[in-house]
Structures are given as structure tokens and as C-alpha cells.
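Student: My structure is below; once you've seen it, I'll send some questions.
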Amino acid sequence: MDSIRFNFPAPEIDDSVDQLRKDVRSFLQDEIRNGSFRPTTDCWCAGIDPAFSRKLGQRGWIGVTWPKQYGGRELSALHRYVITEELLVAGAPVHAHWIADRQSGPLILATSTEEMKRTILPRIAAGECFIALGLSEPESGSDLASVRTRAHRVEGGWEITGTKLWSSGAHHCQYMTVLARTGERDDRKRHDGLTQFLVPLDSPGVTVRGIRDMSGVEHFNESHFEKVFVADDAVLGAVGEGWKQITSELALERSGPERFLSTFIALEKAIQRGTASMEKRQAVVVGSILARIRGLRAMSLGVAALLGQGQSPDVEAALVKDLGTRLEQDVIERLREFWPIQMKPNAGDELQNLLSDSLLRQPSFTLRGGTNEILKGIVARGMGLR
């Protein structure tokens, strides 16, 4: 069998990238000092603060890779990477704009009409427009090709009926990108006949219901569409080509630093508390975790470099998410060996608050955005094993 090579090129980091990191870090330190937010784990998924997103937009830190005519700054994927990395490490409340910045904005940029680009992208870049993902359904999770939401042609556009589940932050969003079936289902070609639509969530027939998770946070939603009309310009890309677009989007979704830094703030606080009295075994465990983070960061940066070159590194992105989300779970398992977690900690104990929140969110890390079993299948296909 021929050897399999994965491509994780080392990006070139120039002075402008280093300066941007310093600027973002300084801003975040000031915000924490001023009480603007309380650092949390899993901040990119559970930390929603539209006002904070607007602050980032005012500084030009959303949509930085997009053309200037659409509100961007025409910077590199690496510039965006350091912004997201600093936000995650600080535990900042970034979920409101995260999806739109990471994948919905690039999707609109690549597939939408000129009018839609000029209308929506500058609002996203300003931190004033948020977009949810409409992919999973009550009976279609990892098996995304089985979606039942349908879109029928009507005069002047389309009529959408169906239900989307686990849409993070939809109750704060103005739009949702909805994957719907526009052709007849053929079990032999299940990926055919799927189309993406950009649906305004204030449209007649849309109902968004919150779902409270076991940590007490209500960031998941069930969104129902009952004969919702959208115009023809709501179609993203070509009719029937939705699956190809989704696979490209997933490389953006799966490869970023949020796939291995969700619990970093808890790790950092634990190290700070235990540095003076850390035993050898604790030091070995922490060192092992930090080494894994370092390796994953190199891989994730490599994927960012490939994306910046216009490539679609699906297999490499799947590897980052598989290894990264398992690391996130391991961080909590190893930390609780040394710092027993109190599920109702004192409000003033920052470390215990971070650990207890992480423990409750821990099961979701290897499920959301594609289960690790699905990711292993992608890697196996990339290696020619399936």
C-alpha cells in the first residue's frame, strides 16, 4: 500500500500578523479589566453578546478576509486565525457573529447575488447581522443527506416546509442558511437534489423555539418552517448543488482553533492556581496536554494556509476536529483528577465555575459539527481505505 501524506504546510507569519495579535490581546485584557465580560469555556458556542460582537465589528475584526467593498479588509486567512485564537483563549462571548464570520459570510461571498453581498456582508462585518445554520433535523443528524425539509418552486421563488434542529444562536439571528431538498429523493444518489437558501427568520411561517441544555444555557434551537416563501435570489449557489457547497463549508467549520481551545481557559486557570504546588505527576499531565495543543495548532494553522490558497482540505480538517475535540474532553477528565469538580461552586470561584461548565458541555464536543465516527469515515476515504 502506498504511503498516505497529509498536507499541513507551515504558514509564513509576518509583522502585521504579530501586531494584530498584540492589538486584539490588548483590547481583550482591557475588556476583562473593565468587566465587559466574564471569561467562559466553550465561548464560541455558548457565549452570546451581540454588543460585544459590535465592538469587534467597529475594530474591523469580523470578515477580515473579505473584499473591502463588502466591509472586509482583504487580509489573509492567517490574520483571521490569530483574531479567533485570541478570542477563544480569552473566553470572550463571540457566538453571535461566529457562524456568519466563519462560514455563512464566505458562502454568501462565493454563491450569492451582487445585491445580496452588498446588503448583508457589510452588516456581518459590522457585527450587526448574525446567521444560524439550518442543517440537522429531528431525524437527520450525522446522516445529513437524509434531510426532509423541502423547497418547492412557486411563482416568484420558493416555498420551504420542514424543521431544523440544534441551530445554535438562532434566537439571536436575522437569517438562517437552510439546506432543503429541491429534487426527488433517490436513495442511490442521496446527495443530489439538495439546495441551500438564505432565509430571513422574521418571515411569516418561521417559528424558533429555544432548547435548554443540561448546563442551563439556551443556545440550541428548533426552527420550524411552514410554507415559508423566499424569493429566487435567496438561493445560494446553483439549485441541486447544495451538498457540494456543504462539504466545502465543513472544512471551515471543522478546522479552526475552536475545535481544540474550547476548554483552554479552564486549563490556563488550573495551571495558574496549581503552579506553585504542582506535583511531578500533575506537571507530566499538563505538559502532555500542552504538547497536544501545540501539535493541533500547527495542524490547524496548516489548514488555514490551505484555505487561504483556495483549497478545500476536507480530510485535514476532519483530522483536526477528531483529534481536537477528543483533546477538549481529555482536558476536563485530566483536570478533575487534581481539582475535584463542584457542580454548584461558589460564585466567586472562577476555576470551579469554568470546570463545572466544561463538564456539562463536554459530551457535545465530539458530536457537534459531525460526530467523530463520521470524521473517521472521511479520513478513511481520503486514505483510500473505503
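No lab work stands behind these numbers, since they all come straight from the coordinates. Remember, predicted model here, so these are calculated numbers, not experimental data. For neighbour counting, all protein chains shown are included, and Cβ atoms are generated from backbone atoms with ideal geometry for every residue, glycine included.
Student: Work out the FRET efficiency for Q29 and R281 from their Cβ-Cβ distance, taking R0 = 22 Å, and round it to the nearest 0.05. Could the numbers behind the result be given before it?
Tutor: Details: r = 33 Å, r/R0 = 1.48.
After rounding, the FRET efficiency stands at 0.10.
Student: Go through S167, Q19, L359 and say which Cα lies farthest out towards the positive end of the charge dipole of the chain; charges sit on Cβ, +1 for Lys and Arg, -1 for Asp and Glu.
Tutor: Result: L359, furthest along the dipole toward the positive end.
Student: If you don't mind, there's one more thing I want to ask. Between K344 and T247, what is the label-to-label distance in nm when each label sits 7 Å out along the Cα-to-Cβ direction?
Tutor: The two pseudo-label positions are separated by 5.1 nm.
Student: Gain in length, H191 to E74, computed as 0.36 nm per residue apart minus the alpha-carbon separation, to one decimal in nm? Can you show the working numbers first?
Tutor: On the way: separation 117, 0.36 × 117 = 42.12 nm, distance 3.37 nm.
Difference between extended and current length: 38.8 nm.
Student: Let me ask something additional. Using the alpha carbon gyration tensor of the range 133-241, what are the three equivalent-ellipsoid semi-axes (square root of 5 times each eigenvalue), largest first, in whole Å?
Tutor: Working from the Cα gyration tensor, I get semi-axes of 23, 17, 10 Å.
Student: What's the extension gain from R294 to E268 if we count 0.36 nm per residue and subtract their Cα-Cα distance?
Tutor: Fully extending the segment from R294 to E268 adds 7.9 nm.
Student: Which order do the peptides 201-208, 14-21, 325-332, 231-238 come out in when sorted by mean C-beta neighbours inside 10 angstrom, highest first?
Tutor: Top to bottom by mean Cβ count within 10 Å: 325-332, 231-238, 201-208, 14-21.
Student: Which value results when the Cα radius of gyration for the range 59-197 is divided by 2.2 N^0.38 Å?
Tutor: Working: Rg = 16.6 Å, N = 139, 2.2 N^0.38 = 14.3 Å.
Relative to the rule-of-thumb radius for its length, the range 59-197 sits at 1.16.
Student: Further question: Using the Karplus curve 6.51 cos²θ - 1.76 cosθ + 1.60 with θ = phi - 60°, work out ³J(HN,Hα) for each residue of the range 135-150 in order, rounded to whole Hz, and write x for Gly and Pro.
Tutor: 10, 4, 9, x, 10, 9, x, 5, 7, 5, 5, 8, 4, 10, 4, 10
Student: Provide the per-residue ³J(HN,Hα) series for the range 213-220, in order, calculated from phi with Karplus coefficients 6.51, -1.76, 1.60 and θ = phi - 60°, each as a whole number of Hz, with x at glycine and proline positions.
Tutor: Those phi angles translate into 8, 6, 8, x, 8, 10, 10, 7 Hz.
Student: Expressed as an acute angle from 0 to 90° and rounded to the nearest 10, what is the orientation of the C-alpha long axis of helix 114-125 relative to the principal long axis of the chain?
Tutor: 20 degrees
Student: Please compare each pair in K68/K164; K22/K321; K55/K244; K344/K376; K164/K189 to a cut-off of 30 Å on the Cα-Cα distance and tell me which ones are over it.
Tutor: K68/K164; K55/K244; K344/K376
Student: Could I ask something else about it? So between T119 and R54, what do we pick up on full extension, going 0.36 nm a residue minus the alpha carbon distance?
Tutor: Working it through step by step, the gained length comes to 21.7 nm.
Student: Would you please state the base-10 log of I(q)/I(0) at q = 0.17, 0.22, 0.26, 0.31 1/Å for the range 79-132, with intensities from the Debye formula using one equal scatterer on every alpha carbon?
Tutor: Treating every Cα as an identical point scatterer, log10 I(q)/I(0) equals -0.54, -0.83, -1.03, -1.24.
Student: Using alpha-carbon pairs under 8 Å, 6+ residues apart, how would you state the relative contact order of the range 124-197 in percent?
Tutor: 34 percent
Student: Which value in Å is the Kirkwood Rh of the range 193-249 over different Cα pairs?
Tutor: 13.3 Å
Student: In nm, give the distance between the simple-model label positions of R209 and R38, each being 7 Å from the Cα along the Cα-to-Cβ direction.
Tutor: Computed distance between label sites R209 and R38 equals 3.0 nm.
Student: So how do W339, W44, W61 line up by other beta-carbon neighbours within 10 Å, fewest first? Let's see the in-between values first.
Tutor: Values: W339 16, W44 23, W61 26.
Lowest to highest Cβ neighbour count: W339, W44, W61.
Student: Now for a different question. Let me check against my output: what whole-number percent is the relative contact order of the chain, with C-alpha pairs under 8 Å and at least 6 apart?
Tutor: 17 percent
Student: How big is the C-alpha Rg of the range 186-298 next to the rule-of-thumb value 2.2 N^0.38 Å, as a ratio?
Tutor: Cα Rg divided by the expected 2.2 N^0.38 Å: 1.68.
Student: What are the ³J(HN,Hα) couplings of the range 38-52, residue after residue, when phi is run through the Karplus curve with 6.51, -1.76, 1.60 and θ = phi - 60°? Round to Hz, x for glycine and proline.
Tutor: Listing the rounded values in order: 9, x, 9, 6, 6, 5, 6, 10, 10, x, 10, 8, x, 5, 5 Hz.
Student: Which percent of Cα-Cα pairs in the range 15-129 sits in each 5 Å bin, short to long?
Tutor: Computed distribution, short to long bins: 2, 13, 23, 25, 19, 11, 5, 2, 0.
Student: Volume per residue, Å³, of the convex hull around the alpha-carbon atoms of the chain?
Tutor: Numbers: hull volume 57.0 nm³, N = 386.
So the per-residue hull volume is 148 Å³.
Student: Something else: Hey, can you grab everything whose amide H is under 5 Å from the amide H of D49? Only 5+ residues off in sequence or another chain; H modelled, so Pro and N-termini drop out.
Tutor: So D49 has HN proximity to H95, A96.
Student: Moving on to the next point. Take every Cα-Cα distance within the range 1-68, group them into 5 Å bins from 0 onward, and report for each bin the whole-number percent of pairs it holds.
Tutor: P(r) over the range 1-68, rounded to whole percents: 3, 11, 16, 21, 16, 12, 9, 5, 4, 3, 2, 0.
Student: While we're on this one: Against the longest principal axis of the chain, how steep is helix 372-382, in degrees 0 to 90 to the nearest 10, with axes from Cα atoms?
Tutor: It is inclined by approximately 70 degrees.
Student: Using 10 Å bins from zero, what percent of all Cα-Cα pairs in the range 256-382 falls into each bin?
Tutor: Answer for the range 256-382: a P(r) of 13, 39, 31, 15, 4 percent.
Student: Let me ask something additional. Round to the nearest 0.05 the FRET efficiency obtained for S142 and R334 when R0 = 30 Å and r is the Cβ-Cβ distance.
Tutor: Numbers: r = 27 Å, r/R0 = 0.91.
The formula returns an efficiency of 0.65 here.
Student: For D187, what is the net charge nearby, where nearby means another residue's Cβ is under 14 Å from its Cβ and Lys, Arg count +1, Asp, Glu -1?
Tutor: +2
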